[in-house]
Amino acid sequence: MDSMSEGDLGDRKATVLRVLVEEYVRTGEPVGSETIAERAAIGVASATIRNEMSALEELGYLSHPHTSAGRIPTDLGYRYYVDTLPSGGKLREAQRRAISEFYAEAMIDMEEILKGTTQLLSRLTQYAGLAVAPSATDERVLRIELIELGSALLLLVVGQHGRVDKQVVDRPEELDSRALAAIGRHLTESFSGMTAREARLQAQRTAREAQGTERDLLSAVAVTFAQMQQATGSEHVLVGGAANLAGEAAQWRRETVRRLFEALERESEMLRLLREVSPAELSVTIGAEDPATEQWEAAIVAAPYRSGENPLGTIGVVGPTRMDYLSVMTAVQAVAKRVSELATALGI
């Protein structure tokens, strides 16, 4: 822990708060002084710990449910806990293996990668995984590929941010594999760097002047560019494992879960929160720190992903404020690193 941060409260209060948060996250039950005395090796009596808990309550770090002698953390208590966590937490072996196996699969479509990433984050944390794809606002063509499917061809248009638009077309009988590869390279050279609109107009113009096979392929390419253009600006939040939030309902108030599901459907608030994540570092938003998470009684842990040094989007996890922050923060950071490596390798 950061000794300077601990000094804000003093070592004993900081230890009491840390143990209380971890015990409350583990059990969901208000924590009493006897439990802390058992869990924390600070060598003082329960009465002394009760005094420290009362002081922490007066300072706003703990609250005292009416029906219990124990206390629970407030949003401020969680914030102090998060800010004093050790840096560089380690993944559990099962988490490390799950991440490694998922990203070992060959993938080129950034949206598919991100959909899978939200499910992976949900499995790793048992909360809901979130991702915002790179903005498609001026999506430019990166490359075009023609893949043989027996008597058909799969036409792929890959955008600079990893979007992949697909279309199946008839395969011209006179073109062998070498000729198809050459056509793919020629199409890439012709349209790479253009916006979807520019590429569509250029493909339509060229198709009108072409003959036979070339005209058919260019017409198919133009249709695919049109699909890409229609998707421009349709930024949205991908959500995986939302059912895990419903599974929390017994501990987390049902009204809170209902409001959060509505927010996931509306997207605008979630998009705003995820867009505000610093392009340089992990972000943790807890309860009352933002009007949205305060309404949901939720916490969001999010991190940017990038291609090289270029920020592309955000991934994260949403769950109750009573969250295993160290485990979630470690998982989100590790996954963001792998998504960044994959985006960089794909040249997105």
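Scan the stretch 84-109 for residues that are within 17 Å of the chain's Cα centre (by Cα) and more than 21 Å from LEU282 (Cβ to Cβ) and jot them down.
ASP109
Let me confirm something: among SER122, SER68, which residue is at pLDDT 90 or above, within 30 Å of GLN295 (Cα to Cα) and open to solvent by less than 40 Å² (accessible area, probe 1.4 Å)?
It is SER122.
Can you confirm whether GLY43 is small (Gly, Ala, Ser) and at positive phi?
yes
Taking the condition surrounded by fewer than 24 Cβ atoms within 10 Å (Cβ to Cβ), among the polar types (S, T, N, Q) and farther than 30 Å from GLY193 by Cα, does THR344 pass?
The answer is no for THR344.
What number of residues within the stretch 292-321 are outside any strand (DSSP E or B) and open to solvent by 10 Å² or more (accessible area, probe 1.4 Å)?
Count: 6.
Which ones in the stretch 157-202 are open to solvent by less than 40 Å² (accessible area, probe 1.4 Å), in contact (Cβ under 8 Å) with a residue 24 or more places away in the chain and hydrophobic (A, V, I, L, M, F, W, C)?
VAL157, VAL158, VAL164, VAL169, LEU175, LEU180, LEU187, PHE191, ALA196, ALA199
The values are calculated or read from the model by the stated rules, or taken from the named source; none is laboratory data. Computed from a prediction, not measured in an experiment: that's the story for all the values here. Cβ coordinates were reconstructed from backbone atoms using ideal geometry, including for glycine residues, and neighbour counts include every protein chain displayed. Remember, those area values only see protein heavy atoms, side chains included, never the ligands or the DNA or RNA. Shrake-Rupley method; radii C 1.70, N 1.55, O 1.52, S 1.80 Å.
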